[in-house]
Amino acid sequence: MAELNLKQITDRLNEEFTSISGHRKLVFWYDDRAEFLEDIDSMELTNAKILKLQENHQFETKYFLERTDTETNYLIYAPFPKPDVKQNHLEDILLYSTALWHDYTGIVRSKPELGRGDVY
């Protein structure tokens, strides 16, 4: 079942990363139950890299995304629940990014032509 879900998610993300209109795309994926932690390394994205977020390294990730590599498209995968706004150093980046949410029945929620700050 996870393979099918991963395939659906990968296909949707590849659509997202290939439909870029002149600016870098960041997609956040908070996987509350770490259901895809073992599979994330096998995910093949077109035009994007995968960055695994560590819970206690948010500031380093923020610095990396806003200062070190400002050109590359990224899927930022977090194998934990999204932190509260006050605890989340990446919250401001989420405002100009896209967030991926998937429910536990395996359905990927999406909507066409996402823009900055949209959630699917």
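The values are calculated or read from the model by the stated rules, or taken from the named source; none is laboratory data. Every value quoted in this text rests on a predicted model; they were computed, and no experiment measured them. No Cβ is skipped: glycine too gets one built from the backbone with ideal geometry, and neighbour counts run over all protein chains shown.
Could you tell me which residue of the stretch 76-94 is surrounded by the most Cβ atoms within 10 Å (Cβ to Cβ), considering only residues that are acidic (Asp, Glu) and over 19 Å from ARG33 (Cβ atoms)? Steps first, answer last, please.
First, pick out the residues of the stretch 76-94 that are acidic (Asp, Glu): 84, 91-92.
Pick out the ones that are also over 19 Å from ARG33 (Cβ atoms) and you get 91-92.
On the way: GLU91: 15, ASP92: 11.
In this case the residue turns out to be GLU91.
So which of GLU3, GLU16, GLU55 is surrounded by 16 or more Cβ atoms within 10 Å (Cβ to Cβ), modelled with pLDDT under 90 and charged (D, E, K, R)? Can you show your working first?
Numbers: GLU3 fails: surrounded by 16 or more Cβ atoms within 10 Å (Cβ to Cβ); GLU55 fails: surrounded by 16 or more Cβ atoms within 10 Å (Cβ to Cβ).
Checking each option against the conditions leaves just GLU16.
Does the stretch 73-86 include one or more residues that are among the hydroxyl-bearing types (Ser, Thr, Tyr) and touching a strand residue (DSSP E or B) at 6+ places or on another chain (Cβ under 9 Å)?
Looking only at the stretch 73-86, we keep the residues that are among the hydroxyl-bearing types (Ser, Thr, Tyr), and these are 74, 77.
Going one step further and asking which of them are touching a strand residue (DSSP E or B) at 6+ places or on another chain (Cβ under 9 Å), we end up with 74, 77.
The answer is yes, given that some residue of the stretch 73-86 is among the hydroxyl-bearing types (Ser, Thr, Tyr) and touching a strand residue (DSSP E or B) at 6+ places or on another chain (Cβ under 9 Å).
Restricted to the stretch 95-110, and to residues that are in contact with a strand residue (DSSP E or B) (Cβ under 9 Å, 6 or more places away or on another chain), closer than 20 Å to SER21 by Cβ and not β-branched (Val, Ile, Thr), which residue is modelled with the lowest pLDDT? Break it down into steps so the answer makes sense when it comes.
First, pick out the residues of the stretch 95-110 that are in contact with a strand residue (DSSP E or B) (Cβ under 9 Å, 6 or more places away or on another chain): 96-102, 108-110.
Now narrow it down to the ones that are closer than 20 Å to SER21 by Cβ: 96-100, 110.
Okay, now just the ones that are also not β-branched (Val, Ile, Thr), so 96-97, 99-100, 110.
Details: TYR96: 85, SER97: 87, ALA99: 81, LEU100: 75, SER110: 41.
Selected residue: SER110.
In the stretch 72-97, which residues are in a loop (DSSP other than H, G, I, E, B) and hydrophobic (A, V, I, L, M, F, W, C)? Can you show your working first?
Here is the first cut: in the stretch 72-97, the ones in a loop (DSSP other than H, G, I, E, B) are 72-73, 79-84, 88-90, 96-97.
Residues satisfying the conditions are PHE80, LEU90.
Any chance you could count how many residues in the stretch 29-64 are out of contact with any His (no Cβ under 6 Å at 6 or more places or on another chain) and more than 25 Å from LEU6 (Cα to Cα)?
Looking only at the stretch 29-64, we keep the residues that are out of contact with any His (no Cβ under 6 Å at 6 or more places or on another chain), and these are 29-57, 60-61, 63-64.
Now narrow it down to the ones that are more than 25 Å from LEU6 (Cα to Cα): 56-57, 60, 63-64.
Adding up the residues that qualify gives 5.
Any chance you could count how many residues in the stretch 8-61 are of a type in the set (Lys, Arg) and within 18 Å of PRO79 (Cα to Cα)? Explain how you work it out, then say what you get.
Residues of the stretch 8-61 of a type in the set (Lys, Arg): 12, 24-25, 33, 49, 52.
Going one step further and asking which of them are within 18 Å of PRO79 (Cα to Cα), we end up with 33, 49, 52.
Number satisfying all stated conditions: 3.
Of (1) closer than 22 Å to LEU95 by Cβ; (2) hydrophobic (A, V, I, L, M, F, W, C); (3) part of a loop (DSSP other than H, G, I, E, B), LEU37 satisfies all except one. Which?
Only one criterion in (1) closer than 22 Å to LEU95 by Cβ; (2) hydrophobic (A, V, I, L, M, F, W, C); (3) part of a loop (DSSP other than H, G, I, E, B) is unmet by LEU37, namely (1).
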